[in-house]
Amino acid sequence: MTDNSSNQMWGGRFAAGPDAIMEAINASIGFDRRMAAQDITGSRAHAAMLAKAGIITDKDAEAIREGLLTVLSEIEGGTFNYSAALEDIHMNVEARLKEIIGEPAGRLHTGRSRNDQVATDFKLWVRDQMDAAISGIEALMKALIAQAEAGADWVMPGFTHLQVAQPVTWGHHMMAYVEMLARDRSRFVDARKRMNESPLGAAALAGTSFPIDRHMTAEALGFDRPSANSLDAVSDRDFALDFLGAASICAIHLSRLSEELVIWSSAQFRFVTLSDRFSTGSSIMPQKKNPDAAELIRAKIGRIYGANTALTIVMKGLPLAYSKDMQEDKEQTFDAADSLMLALAAMEGMVKDMTGNRESLEAAAGTGFSTATDLADWLVRALNMPFRDAHHVTGSLVAMAESRGCDLPDLTLEDMKSVHEHITKDVFGVLGVHNSVASRTSYGGTAPEQVRAQVARWKDLLG
Ligand code: ARG
């Protein structure tokens, strides 16, 4: 006989219940309740299969189905009583099912184990998050494309080393992030395809002697096929690592864009005005409008990459098959997913609402001798000068402008000729920022016509 307080699911061989500390470290119900819907979906598919295969009766399967729907409505309605003594969501649901339907509940666990059950539930949960990430990314891409289209020919400084390099277009800058996000999107799409195999029916680790139909449950749960090795199926968390890896890289991109928005919205830059809806004030400095959303998105990478690192370390060195270590896969994955979705939504809102300040951008575009390369290229083209010599001549002209405190187009033709006598007035045609960007028509270049072509391509791809 077992002590009353031993676990009702596995307490057969135990004479006493767990120590309170044991229960505290063992229970995952505090967090894995987030997978309740997935757990019930998985159990319904499993019960239907057991009946079809003749392992349980149709009557029992029907009772299980009805009972699980009741449990789901209790969970959704907030009336479900979670119990730490029942450890996790799987046993909480099953125990409640037993209270509702009695004996048939005990037949649900035939031919499966919590090991394949948790792998299935977590996969279904992560798969939903991959879908959510894909739509969140697409929404942000669309917001950036709209900005790019509106300002395809606005000029602004392009930077390297955060020093003015060459003029670029606002549209080109926006579309650079579209390319990054497209790679993020493809990482999630790719990971989703790779993970879409059903662990259900792998049972504890070795499969089962019951004549289950794993293809049937795989199909019912939207998987492409059952996983082919039961040991691998219960001990694989690659899908979560793939998710966290893709999320980490996406979070890098979001933090880079955030950083630019923080810089650009400063009084020193004034490249963009962020909307009031995505800014906050200061309680002491009345003039302040802070880019808090951008800063918080910039910071989310810490949690997301932290989760990636944490799960990598949890999984490292685990022998086959399931180990309880793997219960530590969830909390941080949940947190990373929440952080990513929130960051994507906030960035989408911020980008949609922000105003690019065309005049400030254009005024800044011509500073820092940004058309020096255009001048050097002109010397090559018009005077047939080797590029290295042209670079040198241009450098002397930049030094001259710098010593006079003016920009390159402010130098006179005489000034130019004093450095190289063959320079003609035509040179002034390439010193303007608009001509500069318009000339960069190479594929993927910053010319407005190239930007518009990319905008059209992406609008077409995203529908
Ligand atoms: N709560 C567990 C987890 O999240 C479920 C699987 C437990 N399996 C077991 N054999 N104890 O990993």
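The values are calculated or read from the model by the stated rules, or taken from the named source; none is laboratory data. Keep in mind that what you see is a predicted model, and the values were worked out from it rather than measured. In this analysis, Cβ positions are derived from the backbone assuming ideal geometry, glycine residues included, and neighbour counts consider all displayed protein chains.
General remarks:
- Within region 341-369, residues that are surrounded by 17 or more Cβ atoms within 10 Å (Cβ to Cβ) reach partners that are of a type in the set (S, T, Y) with beta carbons closer than 7 Å, at six or more positions or on different chains, in the pairs M354/T273; M354/S275; N357/T273.
- Only one of the listed residues (I64, I56) is away from the ligand (no atom under 16 Å from the Cβ), outside any helix (DSSP H, G or I), touching a Leu at 6+ places or on another chain (Cβ under 6 Å) and within 16 Å of I212 (Cβ to Cβ). That residue is I56.
- Residue pairs whose Cβ atoms lie under 9 Å apart, separated by 6 or more positions or on different chains, with the first residue in region 203-217 and over 10 Å from M49 (Cβ atoms) and the second within 16 Å of the ligand (Cβ to nearest atom) and acidic (D, E), are A203/D116; A204/D116; L205/D116.
- Restricted to helices (runs of 4 or more DSSP H) entirely inside region 222-338, those with at least 1 residues that are more than 16 Å from the ligand (Cβ to nearest atom) and over 23 Å from T41 (Cα atoms) are 238-264, 292-315.
- Condition met for G42 (in a helix (DSSP H, G or I) and farther than 30 Å from M216 by Cα): no
- Taking the criterion of being touching a Leu at 6+ places or on another chain (Cβ under 6 Å) and more than 13 Å from A365 (Cβ to Cβ), the residues of region 411-442 that qualify are V419, H422, K425.
- Matching option when the condition is in contact with a strand residue (DSSP E or B) (Cβ under 9 Å, 6 or more places away or on another chain) and surrounded by fewer than 23 Cβ atoms within 10 Å (Cβ to Cβ), among T273, T217: T273
- Looking across region 218-274, the residues that are among the β-branched types (V, I, T) and either within 30 Å of G306 (Cα to Cα) or more than 26 Å from the chain's Cα centre (by Cα) (or both) come down to V234, I249, I252, V262, I263.
- Any pair with Cβ under 6 angstrom, 6 or more apart, that starts in region 109-125 at a residue that is among the hydrophobic types (A, V, I, L, M, F, W, C) and ends at one that is outside any loop (DSSP other than H, G, I, E, B) and near the ligand (Cβ under 8 Å from one of its atoms): none
- Answer residue from region 28-41, given it is of a type in the set (A, V, I, L, M) and either within 15 Å of H109 (Cβ to Cβ) or in contact (Cβ under 8 Å) with a residue 60 or more places away in the chain (or both) and is farthest from the ligand (Cβ to nearest atom) among those: I40
- Residue check, R44 more than 15 Å from the ligand (Cβ to nearest atom), within 21 Å of S198 (Cβ to Cβ) and surrounded by fewer than 19 Cβ atoms within 10 Å (Cβ to Cβ): no
- Any hit, region 378-398, residues being in contact with a helix residue (DSSP H, G or I) (Cβ under 9 Å, 6 or more places away or on another chain), outside any loop (DSSP other than H, G, I, E, B), buried (at least 21 other Cβ atoms within 10 Å of the Cβ) and in contact (Cβ under 8 Å) with a residue 40 or more places away in the chain: yes
- The single condition from (1) in a helix (DSSP H, G or I); (2) within 16 Å of the ligand (Cβ to nearest atom); (3) under 22 Å from S230 (Cα atoms) that G111 fails is (1).
- E138 within 16 Å of the ligand (Cβ to nearest atom), touching a helix residue (DSSP H, G or I) at 6+ places or on another chain (Cβ under 8 Å), in contact (Cβ under 8 Å) with a residue 12 or more places away in the chain and part of a helix (DSSP H, G or I): no
- The listed residue being in contact with an Asp or Glu (Cβ under 7 Å, 6 or more places away or on another chain), under 30 Å from V437 (Cα atoms), more than 16 Å from the ligand (Cβ to nearest atom) and touching a residue at least 12 places away in the same chain (Cβ under 8 Å), out of A148, A182, A191, A143: A143
- Matching residues, region 250-259, being farther than 10 Å from I301 by Cβ and surrounded by fewer than 18 Cβ atoms within 10 Å (Cβ to Cβ): E259
Residues checked against (1) modelled with pLDDT under 95; (2) of a type in the set (A, V, I, L, M); (3) out of contact with any strand residue (DSSP E or B) (no Cβ under 9 Å at 6 or more places or on another chain); (4) over 30 Å from E328 (Cα atoms):
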site	(1), (2), (3), (4)
W125	no, no, yes, no
I137	no, yes, yes, no
L144	no, yes, yes, yes
F159	no, no, no, yes
T169	no, no, no, yes
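- Verdict on S83 being farther than 24 Å from A307 by Cβ, buried (at least 20 other Cβ atoms within 10 Å of the Cβ) and either within 16 Å of the ligand (Cβ to nearest atom) or hydrophobic (A, V, I, L, M, F, W, C) (or both): no
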